[in-house]
Amino acid sequence: MSVEQALDYIKSHSEGVLQSDLWKALKIDSRKCSRIVAKLLQDNLITREQESVNGIRTYRLFHVEKSCGRRFGPLLAVDFFEPCAGCIDECSPEHCAKLSEWIFSIVLGAEGEAARDKMYKEKYKEKYPET
């Protein structure tokens, strides 16, 4: 019995799996199951909640949904990285073009791109006239 098989079994039960049922379903002994569960917990692939069934303590195991490697997810909006993180420009947020573009991408999504482009064309028309 492998860790992957145990994880697949846990994934297939959205309501969670009792650890006492896991080792029975996978036809392994409880000690081996405990080692597998410990490995899955260590790798942050599952969580567990203590539960009592018929007066016997066990754990309900749940699969942890990974965020697809989006470690910097809170700094992303529509796949655009938050521009102020690590920015060395000396500007004020009220007048930052990069920040405005990022906010447009959050609020308006794809529509925001068209609105942003229109805003920039109007804003920079005097500075950069079309030739």
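Just so it is clear, none of the values below were taken in a lab; they were calculated from the coordinates. Since we're looking at a predicted model, the values are computed, not measured. Glycine also receives a Cβ, built like all others from the backbone with ideal geometry; neighbour counts cover every protein chain displayed.
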Take VAL17, VAL64 and order them by how many other Cβ atoms sit within 10 Å, fewest up front. VAL64, VAL17
Environment charge at LYS32 (Cβ cut-off 14 Å; Lys +1, Arg +1, Asp -1, Glu -1): +4
Which shape class, rounded, prolate or oblate, goes with the stretch 3-63 when its Cα gyration tensor gives a ≥ b ≥ c as root eigenvalues, a/c under 1.5 marks rounded, and past that a/b bigger than b/c marks prolate? rounded
Cβ-based exposure ranking for HIS13, HIS63, HIS95, in which fewest neighbours within 10 Å come first: HIS95, HIS13, HIS63
